[in-house]
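S.K.: Sending over a structure as structure tokens; questions will come in a sec.
The values are calculated or read from the model by the stated rules, or taken from the named source; none is laboratory data. Only a predicted model underlies this, so the values are computations on that prediction, with no experimental measurement involved. Backbone-built Cβ (ideal geometry, glycine too); neighbour counts: all protein chains shown. Heads up: the accessible areas ignore ligands, DNA and RNA and are worked out on the full protein's heavy atoms, side chains in. Shrake-Rupley method; radii C 1.70, N 1.55, O 1.52, S 1.80 Å.
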Amino acid sequence: MNKQETEKIIAAGKILSQTREYAKKFIKKGMPLLEIAEKIETKIVELGGKPAFPTNLSINDIAAHYTPSYNDETLAEGLLKIDLGAHIDGWVADGAFSIDLENKEENKKLIKASEDALKNAVVSVKKQELVGKVGKIIQETIESQKASPIINLSGHSIEQYDLHSGVNIPNHASSEKTVFEEGIYAIEPFATYGSGRVYDGKPSGIYELIDLKNVRSPIARKVLDYVIEEYDHLPFCSRWLVKKFGTSALIGLKQLEENGNLMQFAQLVETTHKNVAQSEHTVLISGNKVIVTTE
Ligand code: MN
Ligand code: MN
């Protein structure tokens with residue numbers, strides 16, 4: 001990464017931090033998730049970035065991948081995970097925090113476990129460190145607080161316009177030999193009192209471009225052209241496309257999914273339906289420096 005690219009990575013991180021602090025202040029129990037997502041995404045744009053993916057607002061046993069649909073009526077409650085992304089020219093900052101809207105001891109403890117795991121993990125990241133060592137620190141921190149990490153969710157490397165670019169950072173001890181190199185990584189521990197695994201639930205309305213092949217239907221073509229231009233390989237959602245094209249976008253999305261142009265993510269649900277907390281930061285390893293861009 002050259003100097004200009006590094007500056008964009010840092011600037012995207014600043015936008016994310018400012019948006020996160022803004023969101024912490026306005027989110028209240030009973031607020032529509034739709035309103036929360038739109039306020040967050042509008043703020044990112046006001047600060048000079050673009051949303052790197054649809055704001056995830058996942059409640060209780062949904063660990064990740066819930067974003068409101070265009071006509072969503074769900075209200076904020078329970079243990080809410082707010083996972084947001086900002087990018088500048090495809091250079092992504094990815095960060096998440098959790099809030100307890102019920103004043104429940106159990107929720108607060110889970111949030112603390114995920115936050116402590118993130119803190120301990122981030123300070124242990126360095127060039128040539130084994131990713132499994134950081135995973136071990138995450139697991140030990142969460143287990144020392146009598147909770148479990150979600151072991152089939154992980155952090156990930158990030159490249160330009162590529163949110164999950166190949167390297168996984170496990171949330172548990174692992175003997176794999178992958179090490180951190182120079183580059184961008186998201187570290188994201190999840191803590192639960194459940195079994196510590198998630199399964200694929202309902203479709204999320206969050207999509208990603210996987211194939212540029214031709215499609216015949218005019219609305220599908222229009223949506224595809226827009227997705228290529230606007231999002232490249234970053235995730236996007238049906239809500240954004242309904243805003244742009246009206247509800248006919250939903251037909252286009254369905255056709256593009258059937259045609260194999262798009263893949264749709266599933267909501268990720270904790271297997272034993274116990275609450276889940278998540279904390280996430282993005283780190284940049286540049287030379288021998290490690291910068292937490294979203295701090
Ligand atoms: Mn995230
Ligand atoms: Mn992430």
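S.K.: Across the chain, where is the longest run that never hits trypsin sites (Lys or Arg not before Pro) in a DSSP loop with at most 13 other C-beta atoms within 10 Å?
M.R.: Within the chain, the longest run free of exposed trypsin sites (Lys or Arg not before Pro) spans 217-295.
S.K.: Report the calculated FRET efficiency for residue 228 and residue 35 (r = Cβ-Cβ distance, R0 = 41 Å), to the nearest 0.05.
M.R.: 0.90
S.K.: In percent, what relative contact order does the chain have, based on Cα pairs under 8 Å that are 6 or more apart in sequence? Let's see the in-between values first.
M.R.: Values: 723 pairs, mean separation 67.8, N = 295.
Dividing the mean separation by the residue count of the chain yields 23 percent.
S.K.: All other residues with a Cβ under 12 Å from the Cβ of residue 108 taken together, and with Lys, Arg as +1 and Asp, Glu as -1, what is their net charge?
M.R.: Spelling it out: positives minus negatives among the neighbours equals -2.
S.K.: Of the heavy-atom accessible surface of the chain (probe 1.4 angstrom), what whole percent is carbon and sulfur?
M.R.: C and S fraction of accessible area: 50 percent.
S.K.: Still on this structure, I have one more. In angstroms, what radius of gyration and Dmax does the chain have, counting Cα atoms only?
M.R.: Both quantities, over Cα of the chain: 18.4, 56 Å.
S.K.: Rounded to whole Å and sorted largest first, list the principal axis extents of the Cα atoms in segment 107-240.
M.R.: Cα extents, longest axis first: 56, 34, 22 Å.
S.K.: While we're on this one: May I ask for the distance between the Cα centers of segment 179-207 and segment 1-37, given as a whole number of Å?
M.R.: 19 Å
S.K.: Starting from the Cα-Cα distance between residue 3 and residue 143, subtract it from 0.36 nm times their residue separation and give me the gain in nm to one decimal.
M.R.: Numbers: separation 140, 0.36 × 140 = 50.40 nm, distance 4.00 nm.
This chain segment gains 46.4 nm when fully extended.
S.K.: Starting from one equal scatterer on each C-alpha and no solvent at all, send me the Debye-based log10 I(q)/I(0) for segment 91-162 at q = 0.18 Å⁻¹, two decimals.
M.R.: -0.80
S.K.: Okay, moving on. Once you have the Cα-Cα distance between residue 202 and residue 271, take 0.36 nm times their residue separation minus that, and quote the gain in nm to one decimal.
M.R.: This chain segment gains 23.5 nm when fully extended.
S.K.: For residue 198, what accessible area in Å² do you get when you roll a 1.4 Å probe over the heavy atoms of the protein chains, rounding to the nearest 10?
M.R.: That residue has around 20 Å² of solvent-accessible surface.
S.K.: Then there is this: Need one number for segment 204-266: average projected area of the convex hull over its C-alpha atoms, nm².
M.R.: Its average projected convex-hull area is 3.5 nm².
S.K.: When the dipole is taken about the Cα centre of the chain, and only Lys, Arg (+1) and Asp, Glu (-1) are charged at their Cβ, what size is it in debye, to the nearest 20?
M.R.: Working: 35 positive and 41 negative charges, 64 e Å.
Dipole of the chain, to the nearest 20 debye: 300 debye.
S.K.: Further, regarding this structure: Using label points projected 7 Å from each Cα along Cα→Cβ, tell me how many nm separate residue 74 and residue 28, to one decimal.
M.R.: About 2.2 nm, to one decimal.
S.K.: Cross-link candidates for residue 29: which aspartates and glutamates have Cα within less than 18 Å, leaving aside residues fewer than 8 places away along the same chain?
M.R.: Result set, ordered by chain and number: 21, 38, 61, 72, 73, 77, 83, 100, 102, 105, 106.
S.K.: Modelled label-to-label distance, residue 212 and residue 182, 7 Å Cα→beta-carbon offset: nm?
M.R.: Between residue 212 and residue 182, the simple spin-label model gives 2.9 nm.
S.K.: Given 14/136; 146/274; 108/146; 133/274, which pairs have Cα atoms separated by over 25 Å?
M.R.: 14/136; 133/274
S.K.: For the chain, with every protein chain kept in place, what is the accessible area per residue (1.4 Å probe, Å²)? Intermediate values should be presented prior to the final figure.
M.R.: Numbers: 12980 Å² over 295 residues.
Ligands and nucleic acids excluded, the figure is 44 Å² per residue.
S.K.: Only loop residues by DSSP count here, and only those with at most 14 other Cβ atoms within 10 Å; note down the GluC sites (Glu not before Pro) in segment 1-93 that meet that.
M.R.: Details: sites: 5, 7, 21, 35, 38, 41, 46, 73, 77; in loops: 73, 77.
The qualifying sites are 73, 77.
S.K.: Further question: Once amide H atoms are built 1.01 Å from N in the peptide plane, which residues 5 or more positions from residue 92, or in another chain, come under 5 Å H to H?
M.R.: Long-range HN contacts for residue 92: 161.
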